[in-house]
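Read the figures in this text as sums done on the coordinates, not as results from a lab. Everything quoted here is computed from the prediction, not taken from an experiment. Virtual Cβ from ideal backbone geometry, glycine too; neighbours counted across all protein chains shown.
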Amino acid sequence: MLAKELGLEELYISFNGYWPEKGAYMDTCTFKDLEAAPTIRRLLDHKVRKALVVASAGNTARAFARVCSDIGFPLILVVPVHGLDRIWMPVEKGKSIFIIGVEGDYYDAISLSEQLVAHGPFMAEGGAKNIARRDGMGTVMLDAAFTIKKLPKHYFQAIGSGTGGIAAWEASLRLISDGRFGQSLPHLHLAQNIPCAPIFNTINNENISDDCPRDMFDDVLFNRKPPLHVGGGILDALRSTGGLVYGISNKEAEIAKRLFESLEGIDIVPAAAIAVAALLKAVDTGVVSKNESVLLNITGGGEALLRRDKGIKIIEADVKVRRDEDPFSIVRMITEALGGSIFERAA
Ligand SMILES: *Cc1c(COP(=O)(O)O)cnc(C)c1O
């Protein structure tokens, strides 16, 4: 329906979320589900005997909590206190999970998680440098190419760290070397919510306000230290694919969200609306022609539907700490709470 509205002849939507009618059953409702399972699988394959530490403001925490609850893998989540109400699941959390609410923002959560890794028998998840995470996200492109029998000409996604964009690029390179899906890399069209849009801001030489991400339509995409300049990072991915980064205002995102939801009949998360808005802009400005193939990654959706269908449970923090809390005392709390189970599972 969106395709018709935009006059696009070949629009493919990758829906990552909960939408049973379409066979979509990611019940944490975002494509972070694609990262968590392969990350844990890889740790098991490598016989890692350490608890995994994940700092997250929401979606990543949910996805790892779900997988680790299911299989009993030890997991320590470090979440800013204001993000704790985003840590919900359709099931109760497993005993192998310890949640720390930290006073402050996402950066305080990241620095505390680094301290924990430095002081305890824990391992960091790795972010964009985690190959399992990138390969998991890359399945969106693999799935699309197998479904539409070729690589799309354009790929649209909202980005925070940009890992999903890098993953789409890497997956495309593999599909090209396979030979069956064409020889051109899809152009990456990556989108952020302005004015708090570190990747867009950096590329356009803009400063970022200290107030960010206050008052943003979407705040999960706000990541102050994305892997931009690193080899194989976002700049390389953009250069290699002839890609673009879009700055989307709150207003544009709001309009895009309403349009998508009314046309397609499913709710989407604010981040996904940022990607929809970028697509609207690209069609409007002629960057994308009506007869070109487009893959739109809806990175999250169906939350409202899931709440109605299954209900959700907010998961409480096991402990709340100050940002300057002594890491040794936190490590003690964790080992006492998880006991032997920190190592049991991976053994
Ligand atoms: C994490 C996330 C993104 C952005 O992912 P990147 O890692 O920056 O590619 C987009 N949408 C949603 C819903 C997310 O949770």
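In the structure displayed, which of K129/K251; K153/K281; K93/K257; K129/K281 lie more than 24 Å apart, Cα to Cα?
The answer is K129/K251; K93/K257; K129/K281.
Here D45 and D143 are evaluated by their C-beta separation; at R0 = 30 Å the FRET efficiency comes out at 0.85. Taking amide H as placed 1.01 Å from N in the peptide plane, W88 has its amide H under 5 Å from the amide H of I315, each at least 5 places away in sequence or on another chain.
Considering only alpha-carbon pairs that sit under 8 angstrom and 6 or more positions apart, the relative contact order computed for the chain is 27 percent. Taking a point 7 angstrom from the Cα of E292 along the C-beta vector, which residues in segment 174-190 have backbone N less than 14 Å away? From segment 174-190, the list is 184-190. Within segment 107-146, name every residue whose backbone N is under 20 Å away from a label modeled 7 Å from Cα of S240 along the Cβ vector. Label zone hits: 127-146. Each of Y107, Y246 was scored by other Cβ atoms within 10 Å of its Cβ. Arranged with the fewest first, they read Y107, Y246.
Taking the fewest neighbouring Cβ atoms within 10 Å as the starting point, the ordered list for D108, D326, D218 is D326, D108, D218. Ordering 100-106, 16-22, 210-216 by mean Cβ neighbour count within 10 Å, with the highest value first, yields 100-106, 16-22, 210-216.
Axis of helix 163-178 versus longest Cα principal axis of the chain: the two differ by about 60°, to the nearest ten degrees.
So which of K32/K149; K50/K310; K95/K320 end up more than 27 Å apart, counting from Cα to Cα?
Numbers: K32/K149 25 Å; K50/K310 33 Å; K95/K320 18 Å.
Flagged as over cut-off: K50/K310.
Across every direction, the projection of the convex hull enclosing the Cα atoms of segment 186-330 has a mean area of 12.4 nm².
Helix 106-119 sits at what angle to the longest principal axis of the chain, using alpha carbons and giving 0 to 90 degrees rounded to 10? Long axis of 106-119 versus the principal axis of the chain: about 50 degrees.
For segment 131-248, the extents of the C-alpha atoms along the principal axes are 48, 25, 24 Å, listed from largest to smallest.
DSSP beta bridges fully contained in the chain are about 15 percent antiparallel.
Here is the short version for the chain: C29, C68 have no other Cys C-beta closer than 4.7 Å.
Before rounding to the nearest 500, sum -39500 (n - 2.57) across all DSSP H runs of length at least 4 in the chain and divide by the residue total; then give [θ] at 222 nm in deg cm²/dmol. Rounded to the nearest 500, the figure is -13000 deg cm²/dmol. Using equal-weight Cα scatterers in the Debye expression, the normalised intensity of the chain in log10 at q = 0.11, 0.12, 0.14 Å⁻¹ is -0.71, -0.85, -1.15.
The distance separating the Cα centre of segment 63-114 from that of segment 184-201 comes to 27 Å. When you count the other C-beta atoms within 10 angstrom of each residue and take the mean per peptide, 121-128, 63-70 line up highest first as 63-70, 121-128.
Rounded to the nearest 10 degrees, the angle from helix 33-45 to the longest Cα principal axis of the chain is 50 degrees.
Per the Debye calculation on segment 1-104 with a single equal scatterer at every Cα and no solvent contribution, log₁₀ I(q)/I(0) for q = 0.11, 0.15, 0.21 Å⁻¹ amounts to -0.42, -0.67, -1.06.
Counting only aspartates and glutamates at least 8 places from K290 when in the same chain, those with an alpha carbon closer than 17 Å to its own are E5, E9, E10.
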